[in-house]
Amino acid sequence: MAGNGNAAKSGVLVKGGTVIDGTGSPGEALDVRVSDGVITEIGVGLAPDGETVIDAVGAVVTPGFIDTHTHLDPSMFWDPACDPMPQHGVTTALIGNCSLSLAPVRPGDLDEVMDVFSYIEDIPIADFRDAVPWDWSTWSEYRAAINGRGAALNMASLIGHSMLRMFVMGAEAWERAATGAEIDAMSDELRRALAEGCFGLSTSFFDVDRRGRPVPSRLADHAELSALVSTLGRAGHGVLEFIPNLTGPDPLGEIQQMADLLGPAGVTSVWNGLAHSDIDPQRTENFVQFTQTVRDAGCDMWPVLSPRTVDFNVNWDQTMVFMNLPKGWNQVPQLQGDARRALLADPEWRSTARDEWDHTERSLFPIRRIDRVLFTSVARPELDGWVGRSLADLVAERGGHPSDALADWLLANNGAPGIVAQGVANGDVEGVAALMADPRIVISSSDAGAHVQMMCAAGDTTLLLTRHVRDRHDLTLEAAVHGLTGRQAAVFGVARHGRLAPGYAGDLTVFALDELEWGKEVFVRDLPSGAPRLRRPGGGYRATVVNGVITQLGGELTGAHPGRVLDSAAPALRS
């Protein structure tokens, strides 16, 4: 292989590979030429014409992978390479998910915006404050800020409903329903953003801030949601991403509520939070089937699913793992040092924590499966024997309530958690495999960029290709590539992406299945604040190309940042 980060002038020619074009069709032995950022020719035996040549012999050439559920919004400013996304074949990312975005924003709301985004997505707030430039207010100014700096990925951006409410209503966005004038102002701001290329709106029925307050989007009434959906419908493009409260009393009702609004408006939507439950697999099937029923009734709605088993490394710097336990355990990360230790020992707090533990049905922290709460590190030598054992083992040996046992452990361990909540979701590989092959779902929901001290969400693409294609044969390679490319582009309206054909974007991924590896995440300390993050090693891809420019080659980033903010209003290519 040969290449550099300055391929834009002369283009790229990928020779000797098998082209899998992103439509699900069988692969063919073809070469691919990219000029001026666009695929110009696909054929047999194409001759070099001054381009950088990428050797794809023994490999496949696919459209660049599209990751439609990320939270790279802040990190792209301090890490425009979006490490390690290019090393896992990703060329386009959707940002602004889960009701959270960095625009629109007013200077007076910055502290609230940073705090809620930081808490929910587990990104150190110091990096928001010091490494994000905040030199914009409207969505179009935000787009210009991204394009002016560049990134290794193309970005498609949603507007977060919570930020839209704060932009219009200020602090009262957290307190009440919007007035008619405020709804009109929100609709106008969304309309302008859609006209300028925004990909839609995200909202949440689930999230809370660090104080336990429902995020502003949860205070929207029917009139507000209806007006925003109608704005999307009139624009003729754009999607709505939402999070139903799957731990709440009526998640199916929330899905139906959105379907009743979205279907008549002709707006495509996806909902996030689906995961396979090995405790209650029928519950997962019920969600998928209910969404299919909604779709059959005329609403283009899709649940999205990650193949990755969700493990949460518990830490006190950033964690939302206890958000379903607001009165008890969610108070612990809010304190430091002696104050935290005093709380853990306080009899009144312990009583509250036990009661909440017992009366909470579903929680991100596996209170009903304490065998999945594993001790991974200790602060005192006499506790060494507990490394690798679980909270269930501790309760069995010492007795008492699990909440008290956990509090005692933390006090004995000098306040350091040293805990991973393992298999919080998608713990049953067989169940996940069946869902990956289910045509009723969309393979997405990586969460890349979020929860950086609890897990590494980058690399879902490689896990799918290694575990579910190469090793288990749950999917054909063509079907998996379609799921990561053409299908994502079709559902989310990413025009001229997700397919290898003349006139489409010059976004390519080159890899050989037997060369891929889904490596174990490791802590690195490279955030601007000096805080650590979990990073997954590169996946073994030969090359990743964005807009005709090589962003990674042989696992090494090239330093090129050719990505741009995509335009949702761009016309599709006619056959």
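The values are calculated or read from the model by the stated rules, or taken from the named source; none is laboratory data. In this text, all values refer to a predicted model and were calculated from it rather than measured experimentally. Note that we place each Cβ from the backbone using ideal geometry, even for glycine, and neighbour counts take in every protein chain shown.
Summary table
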quantity	calculated
Tabulated pairs, segment 29-40, first touching a residue at least 12 places away in the same chain (Cβ under 8 Å) and closer than 16 Å to Val60 by Cβ, second buried (at least 16 other Cβ atoms within 10 Å of the Cβ) and of a type in the set (S, T, N, Q), C-beta under 6 angstrom, 6+ apart or interchain	Ala29/Thr18
Meets criteria (among the hydroxyl-bearing types (Ser, Thr, Tyr), within 24 Å of Leu364 (Cα to Cα) and in contact with a Gly (Cβ under 6 Å, 6 or more places away or on another chain)) for Ser162	no
Pick from segment 374-393, criterion touching a strand residue (DSSP E or B) at 6+ places or on another chain (Cβ under 8 Å) and either assigned to a loop (DSSP other than H, G, I, E, B) or modelled with pLDDT of 90 or more (or both), ranking: surrounded by the most Cβ atoms within 10 Å (Cβ to Cβ)	Leu391
Residues satisfying the stated conditions in segment 215-236, i.e. surrounded by fewer than 19 Cβ atoms within 10 Å (Cβ to Cβ) and either in a loop (DSSP other than H, G, I, E, B) or among the hydroxyl-bearing types (Ser, Thr, Tyr) (or both)	Asp221, Ser226, Ser230, Gly236
Residues located in segment 195-214, provided they are modelled with pLDDT of 95 or more and surrounded by 23 or more Cβ atoms within 10 Å (Cβ to Cβ)	Cys198, Phe199, Gly200, Leu201, Ser202, Thr203, Ser204, Phe205
Selected residue [out of contact with any strand residue (DSSP E or B) (no Cβ under 7 Å at 6 or more places or on another chain) and among the small types (Gly, Ala, Ser)] from Ala178, Ala151	Ala178
Test set (1) in a helix (DSSP H, G or I); (2) touching an Asp or Glu at 6+ places or on another chain (Cβ under 6 Å) - Ser187 fails condition number	(2)
Residue count for segment 360-383, restricted to those that are aliphatic (A, V, I, L, M) and over 27 Å from the mean Cα position of the chain (by Cα)	3
Close pairs (8 angstrom Cβ cut-off, 6 or more residues apart or separate chains): over 17 Å from His69 (Cβ atoms) in segment 157-168, of a type in the set (Lys, Arg) anywhere	Met166/Arg106; Phe167/Arg106
Members of segment 422-453 found to be within 19 Å of the chain's Cα centre (by Cα) and aliphatic (A, V, I, L, M), listed by number	Val424, Ala425, Val432, Leu435, Met436, Ile441, Val442, Ile443, Ala448, Ala450, Val452
Residues located in segment 106-124, provided they are within 16 Å of Trp174 (Cα to Cα) and surrounded by fewer than 17 Cβ atoms within 10 Å (Cβ to Cβ)	Arg106, Gly108, Leu110, Asp111, Asp115
Members of segment 1-35 that are at pLDDT 95 or above, surrounded by 19 or more Cβ atoms within 10 Å (Cβ to Cβ) and in a loop (DSSP other than H, G, I, E, B)	Gly17, Ile20, Asp21, Gly22, Leu30
Test set (1) more than 14 Å from Asp21 (Cβ to Cβ); (2) assigned to a strand (DSSP E or B) - Thr509 fails condition number	(1)
Residue match in segment 518-531 (condition: touching a residue at least 12 places away in the same chain (Cβ under 8 Å), of a type in the set (S, T, N, Q) and either in the same structural domain as Asp83 (by TED's automatic domain parsing) or assigned to a loop (DSSP other than H, G, I, E, B) (or both))	yes
Subset of segment 177-194 [hydroxyl-bearing (Ser, Thr, Tyr) and buried (at least 19 other Cβ atoms within 10 Å of the Cβ)]	Ser187
Helices (runs of 4 or more DSSP H) (entirely within segment 269-367) containing at least 2 residues that are in contact with a Pro (Cβ under 9 Å, 6 or more places away or on another chain) and surrounded by 13 or more Cβ atoms within 10 Å (Cβ to Cβ)	281-296, 347-359
Identity of the residue in segment 446-496, of a type in the set (S, T, N, Q) and surrounded by 24 or more Cβ atoms within 10 Å (Cβ to Cβ), that ends up nearest to Tyr119 (Cα to Cα)	Ser446
